[in-house]
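Encoded as structure tokens, the structure appears first; notes follow it.
What follows draws every value from the coordinates through simple rules; no lab data is involved. What you see is a predicted model; the values in this text were computed from it and never measured. Here the Cβ positions follow ideal geometry from the backbone for every residue, glycine too, while neighbour counts run over all protein chains shown.
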Amino acid sequence: MQIDTGTNELAALRAQIVELQDELAEQAARAGTAMAALQERMSQLSLDHADSLARAEAELATLRERQYWLDRLGVDLNALMRRRGARQARVLFRALRAIARFLSRPKRSPRS
């Protein structure tokens, strides 16, 4: 009787070991899938960061070029904007720019 009990316990322990091994394999597979997803997301974020950095560098280059030409021509925008009539001139230029943008928009074709 004791041998049967020991055999049953041993069989039960072996069954538990198999179940635990299966569960461990499932968890490892899920962890591998999660890790692959995280690596893919990290790769995408790195590409997005590189694009953002490239756009920022291009904008900085444009601003530096503007600054170069203003310095070369001896134009002080701060002093210019402090003069009388600067606000009105700025409003006028904004209005002209809005009109130019409106006129340069592509025309819509009439709907049929």
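Could you state the angle between the C-alpha long axis of helix 86-104 and the longest principal axis of the C-alpha atoms of the chain, as a value from 0 to 90 degrees rounded to the nearest 10?
Taking Cα atoms only, the helix is inclined about 70 degrees.
Based on the Cα atoms of the chain, what semi-axes does the equivalent ellipsoid have, where each is the square root of 5 times one gyration tensor eigenvalue, given in whole Å with the largest first?
Each semi-axis is √(5λ); the values are 76, 23, 13 Å.
With everything on Cα atoms, drop me the angle between helix 2-73 and the longest principal axis of the chain, reported from 0 to 90° to the nearest 10.
Between helix and principal axis, roughly 10 degrees.
How far apart, in nanometres, would the label points at ARG97 and GLN27 be if each is projected 7 angstrom from Cα along the Cα-to-Cβ direction?
That separation, rounded to one decimal, is 6.1 nm.
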